[in-house]
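Here is the structure we will look at, set down as structure tokens.
The values are calculated or read from the model by the stated rules, or taken from the named source; none is laboratory data. All figures in this text were calculated on a predicted structure; none of them were measured in a lab. Glycine also receives a Cβ, built like all others from the backbone with ideal geometry; neighbour counts cover every protein chain displayed. Please note that ligands, DNA and RNA were not included when accessible areas were found on the heavy atoms of the full protein model with its side chains. Shrake-Rupley method; radii C 1.70, N 1.55, O 1.52, S 1.80 Å.
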Amino acid sequence: MGYVLSNRRVILGVTGGIAAYKAAELVRSLTKAGAQVQVVLSEAAKAFVTPLTLQALSGHPVRDSLLDPEAEAGMGHIELARWAELILIAPATADCMARLAAGRGDDLLTTLVLATPAPVHIAPAMNQQMWAQASTQANLATLIQRGITVHGPDAGEQACGDVGLGRMRQPEALQSAIEDALAPRLFEGKRVVITAGPTREAIDPVRYLSNHSSGKMGYALACAARDAGARVTLISGPTALAMPEGVTGVSVTSAEDMLHAALGNIECDLFVGCAAVSDYRPRLVAEQKLKKGQQDLSQIELIENPDILAQVASHAQRPKVVIGFAAETHQALAHARDKLSRKQLDAILVNEVGDGQAFGQDDNRLHWCDAQQTLDLGQASKIVLAQKILSTLQEHFPL
Ligand code: C5P
């Protein structure tokens, strides 16, 4: 991770609390990691830490005033707000949080937060009673809801002698959080198409053939890919789940609908077949409800559905990487290896189903199989597994 901060532009806001002395250490380690740090002090912060110390450590004059003609002539506050790739306020006092929540812009730091397109992070630090106060907690909720990332506070002994939540997160931990926030996202700009959920194969206007798939794994993958920077299309059979924000949803019912949607979205970098597609459908769909006694309902003639994943993987416009899932009740790995080669997949994720496992559950146990290896991704929530799948994919089949 050491290279991430090299030449990255960070504004470090410091507000007036005893933890302000730790800002000096933070500036030092951020600059040592190669970041360009512009320190902005609130009026009260100057009582705790001198501008000269922070100027020496950051290598830049410290800014503390909105209306300083000399500083504004160098880089105006709007320019400074645009310059930043990230703003970190550490420590952020209760007063600072209240002012941010109210949308104030009457000093340099609050104005920068209003004017920046960059992500804003805060590391609150205050007396534990002030932190627990309903007003502070309401401000916290507002800031989180508006997309500000909050680190800490941590619990422990406080400068005032109290013990509780309110200590500023250590500079080392803050630095690594900032590295994470500025790290390039794994799938930035990539196009990912995912099928999810079951399909329904109509027998007549009221009956259908289907399975127990909840869609949770495919939806978790869609969210993880979106968070990793991808443009995601989620082709979903009927599920009880809400389409995730920031994902293009295509709702389908039958396997044939799903195939049509998949081929219509074949231009992508990664295609993930996560849907539990019905292998068969009734050969004929009755136009009217079949009636017991009037028709023989003991036999329904079935025909095979198209294999969506195999068609995508063998298509002339095959996406760069195509992966699938296999749910098996026995000899899971052997069956999965067979599907891997038969469907011409790059990798297949295998889960054991039956006995209440996998289908509909929030947790799952998955193995990753490709032509070279089998990896145990372990037992975890589908959300955590989705992230593991994407990082394994990036390692073995970089897009
Ligand atoms: O049903 P099966 O075990 O063959 O499913 C393995 C993989 O193939 C899954 O990823 C599933 O989404 C996909 N599949 C498909 N179209 C089918 C059957 C399965 O895309 N008709």
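Here are some notes:
- Couplings 3J(HN,Hα) of the range 214-220, computed from phi: 8, x, 4, 5, x, 5, 5 Hz, in residue order, whole Hz [Karplus 6.51 cos²θ - 1.76 cosθ + 1.60, θ = phi - 60°; x for Gly and Pro].
- Looking at the range 1-83, the chymotrypsin sites (Phe, Trp or Tyr not before Pro) that sit in a DSSP loop and have at most 12 other Cβ atoms within 10 Å of their own Cβ are Y3.
- Segments 118-124, 51-57 sorted - mean Cβ within 10 Å per residue, highest first: 118-124, 51-57
- Across the alpha-carbon atoms of the range 291-340, the computed radius of gyration and Dmax are 17.7, 53 angstrom.
- On the beta carbon distance between Q145 and Q294, with R0 = 56 Å, the FRET formula returns roughly 0.45.
- Principal axis dimensions, largest first and in whole angstrom, of the range 127-248 by Cα: 73, 33, 22
- By accessible area, using a 1.4 Å probe on protein heavy atoms only, the chain has 50% of its surface on carbon and sulfur.
- Compactness of the chain as Cα Rg over 2.2 N^0.38 Å, two decimals: 1.28
- Cβ-defined net charge surrounding A90, 14 Å radius [Lys, Arg +1; Asp, Glu -1]: +1
- 22 Å Cα-Cα threshold exceeded, pairs from K216/K289; K320/K388; K343/K382: K216/K289; K343/K382
- Contour minus Cα-Cα distance for Q311 and E256 (0.36 nm per residue): 18.6 nm
- The P(r) of the range 109-167 has a tail past 17 Å containing 44 percent of all C-alpha pairs.
- The fraction of Cα-Cα pairs per 10 angstrom bin, counted from 0 for the range 191-396, comes to 9, 35, 37, 14, 5, 1 percent, rounded to whole percents.
- Accessible area (Å², per residue) of the range 86-130, counting only protein heavy atoms and a probe of 1.4 Å: 31 Å²
- Rg/Rh for the range 2-182 (Cα atoms only, Rh after Kirkwood) is 0.94.
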